[in-house]
Amino acid sequence: MSISGRVPLLLLLGVGAVLLRPEMSTVWLWVLAVLLLVGADLLLAPSPATLTLTRPPVGAVRLGEPTSTALVATNASRRGLHGVVRDAWQPTAGAGPNRHRLSLPPGDRVVLTTPLLPQRRGDLRAIGVTVRLRGPLGLAARQRTRVVEGSVRALPPFDSRKHLPSRLARLRDLDGRAAIRVRGQGTEFDSLREYVRGDDVRSIDWRASARSRSVVVRTWQPERDRRVVLVLDTSRTSAGRIGDVPRLDSAMDAALLLASLATRAGDRVDFVAGDRRVRRRLRFAGDRDIAARLLEAMAELDPVIAEADWDTLAGAVNGLGRQRALVVLLTPLEPSAVDEGLLPVLAVLTRHHRVVLASVRDPELEQLSGTRTSLDEVYDAAAAEQVIGRRRYTADLLRTLGVDVVDADDLPPALADHYLSLKARGLL
């Protein structure tokens with residue numbers, strides 16, 4: 001039960017009765033009368049069980065975008081219902097004004113809408129719905145909290161989709177340029193043309209040349225229908241933040257942009273996410289709306305405070321097929337984590353695939369290393385230079401092992417540009 005603010009006011013009115021009859025019995029009689037009124041009002045208040053509550057599904061929304069949830073309240077009694085309904089959600093759901101005044105005639109229904117603004121990825125759930133129905137005097141009310149199932153799935157925001165049109169334009173330009181039609185491993189036959197000085201003699205088509213008055217060579221173009229395997233690291237290193245954004249979210253954004261671009265380029269995309277074990281593994285065979293499925297798969301991924309088991313992740317990559325692929329490792333370029341966990345398995349990956357390590361670089365390191373106006377800033381600059389040097393050494397070591405390293409402040413467009421560069425040179 002609950003009492004309203006009218007009860008203290010009613011008790012204060014007893015001051016007048018005490019002034020007229022200043023005795024202790026007057027005080028007790030007044031308090032007893034108020035208690036009797038409150039008790040009677042509570043008995044006459046309708047039960048919260050007479051209010052039927054249902055909630056339609058909310059669906060999914062990108063992180064940072066507003067949505068709303070609706071409660072359908074139906075009066076199943078023969079009396080009018082007056083009170084308040086509170087629709088409580090977990091704090092990260094960003095529920096707005098969630099207290100709704102209720103005044104329902106018998107048999108009527110109303111839709112109560114609560115705005116939501118998710119602040120965290122994943123499934124955000126309703127905690128409970130509290131119904132408070134007051135009595136006819138408005139002194140007391142019956143209250144009960146009920147569980148009305150409800151959830152909203154907050155998907156990654158995919159902010160990098162703004163870069164997709166410009167990269168698609170470059171992809172169309174790349175597909176139409178004759179300069180990319182070169183001979184090399186991993187390319188498809190395109191057409192025949194007359195030999196010119198400087199052409200590789202291995203590209204001469206002798207049968208076509210025998211039927212022609214001049215030497216004819218074959219031209220090639222980068223293959224379509226190549227495989228791109230995205231490996232998302234969800235271990236402890238992905239929990240670090242660059243500004244206000246976790247490294248894992250930046251890696252997700254880059255994976256979404258690259259997957260969308262590769263699909264438009266005619267390549268097949270596979271996805272693996274994990275740390276000590278594989279959390280997600282998806283194969284996209286001919287899917288056009290790959291971003292939607294990736295958003296659903298990434299929604300509930302969170303960093304795990306444990307080291308990545310790269311043997312397990314490499315096994316998951318090889319389990320997707322032995323065909324040569326572009327394997328993109330979305331993991332921070334942390335020297336200790338790379339040296340201890342990733343380096344031992346790189347030989348297995350680079351033997352069969354082209355490997356790219358994509359990492360988000362912290363721009364504050366460059367700012368710290370360039371600011372040296374005070375003694376404290378000099379120490380900060382020295383520490384930043386040490387970190388930058390170790391990262392640079394690790395990147396150079398990876399390159400000597402045949403791994404492409406993309407380390408950029410704004411990772412999604414940088415990774416997409418690297419993919420287009422490999423595509424243009426026929427290196428996929």
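The values are calculated or read from the model by the stated rules, or taken from the named source; none is laboratory data. Just so we're clear, the structure is a prediction, and the values are computed from it rather than from any experiment. As a convention, Cβ positions derive from the backbone with ideal geometry for all residues, glycine included, and neighbour counts pool all protein chains shown. Remember, those area values only see protein heavy atoms, side chains included, never the ligands or the DNA or RNA. Shrake-Rupley method; radii C 1.70, N 1.55, O 1.52, S 1.80 Å.
Miscellaneous remarks
- Among all positions in the stretch 93-101, there is no residue which is touching a residue at least 60 places away in the same chain (Cβ under 8 Å) and under 30 Å from L11 (Cβ atoms).
- If you check A408, A337, A383 for being in contact (Cβ under 8 Å) with a residue 12 or more places away in the chain, over 27 Å from F158 (Cβ atoms) and among the aliphatic types (A, V, I, L, M), only one passes: A383.
- Of the strands (runs of 3 or more DSSP E) contained entirely in the stretch 314-408, those carrying at least 3 residues that are open to solvent by 10 Å² or more (accessible area, probe 1.4 Å) fall at 403-408.
- Pairing each residue of the stretch 18-36 that is over 22 Å from L137 (Cα atoms) with any residue that is open to solvent by less than 100 Å² (accessible area, probe 1.4 Å) and assigned to a loop (DSSP other than H, G, I, E, B), provided the two are 6+ apart or on different chains, yields no C-beta distance under 8 Å.
- Cβ-Cβ contacts under 7 Å between residues 6 or more apart (or on different chains), taken from a first residue in the stretch 39-52 that is closer than 11 Å to G83 by Cβ to a second residue that is in a loop (DSSP other than H, G, I, E, B) and at pLDDT 90 or above, are absent.
- Taking the conditions (1) touching a Ser or Thr at 6+ places or on another chain (Cβ under 8 Å); (2) of a type outside the set (K, R); (3) surrounded by fewer than 17 Cβ atoms within 10 Å (Cβ to Cβ); (4) within 30 Å of A297 (Cα to Cα) in turn, V72 satisfies each one other than (4).
- Residues located in the stretch 110-129, provided they are of a type in the set (K, R) and either surrounded by 20 or more Cβ atoms within 10 Å (Cβ to Cβ) or touching a Cys at 6+ places or on another chain (Cβ under 6 Å) (or both): R121
- Of all residues in the stretch 102-130, those satisfying the criterion of being without any contact (Cβ under 8 Å) to a residue 60 or more places away in the chain, aliphatic (A, V, I, L, M) and touching a Gly at 6+ places or on another chain (Cβ under 9 Å) are L102, L104, L116, L117, L124.
- Residues in the stretch 151-170 that are surrounded by 15 or more Cβ atoms within 10 Å (Cβ to Cβ), assigned to a helix (DSSP H, G or I) and of a type in the set (S, T, N, Q): S160 alone.
- Hits in the stretch 89-116 (condition: part of a strand (DSSP E or B) and farther than 21 Å from T50 by Cβ): W89, T113, T114, P115, L116
- Residues located in the stretch 79-109, provided they are open to solvent by 70 Å² or more (accessible area, probe 1.4 Å) and touching a helix residue (DSSP H, G or I) at 6+ places or on another chain (Cβ under 9 Å): R79
- Qualifying residue in the stretch 235-246 (condition: assigned to a strand (DSSP E or B) and in contact with a strand residue (DSSP E or B) (Cβ under 9 Å, 6 or more places away or on another chain)): yes
- Of all residue pairs spaced 6 or more apart or on separate chains, those with beta-carbon atoms under 6 Å, a first member in the stretch 205-216 that is touching a residue at least 24 places away in the same chain (Cβ under 8 Å) and closer than 11 Å to L192 by Cβ and a second member that is among the small types (G, A, S) and in a helix (DSSP H, G or I) are V216/A208; V216/S209.
- Those residues of the stretch 295-313 which are open to solvent by 20 Å² or more (accessible area, probe 1.4 Å), touching a residue at least 40 places away in the same chain (Cβ under 8 Å) and not in a loop (DSSP other than H, G, I, E, B), in sequence order: E296
- Among residues of the stretch 271-294, those that are open to solvent by less than 10 Å² (accessible area, probe 1.4 Å), at pLDDT 90 or above and either among the acidic types (D, E) or touching a Phe, Trp or Tyr at 6+ places or on another chain (Cβ under 8 Å) (or both), counted: 3
- Residues (at pLDDT 90 or above, within 22 Å of A291 (Cβ to Cβ) and assigned to a strand (DSSP E or B)) located in the stretch 117-150: D123, L124
- The residue that is modelled with the lowest pLDDT, among those in the stretch 180-211 that are surrounded by 13 or more Cβ atoms within 10 Å (Cβ to Cβ) and farther than 25 Å from A325 by Cα, is D199.
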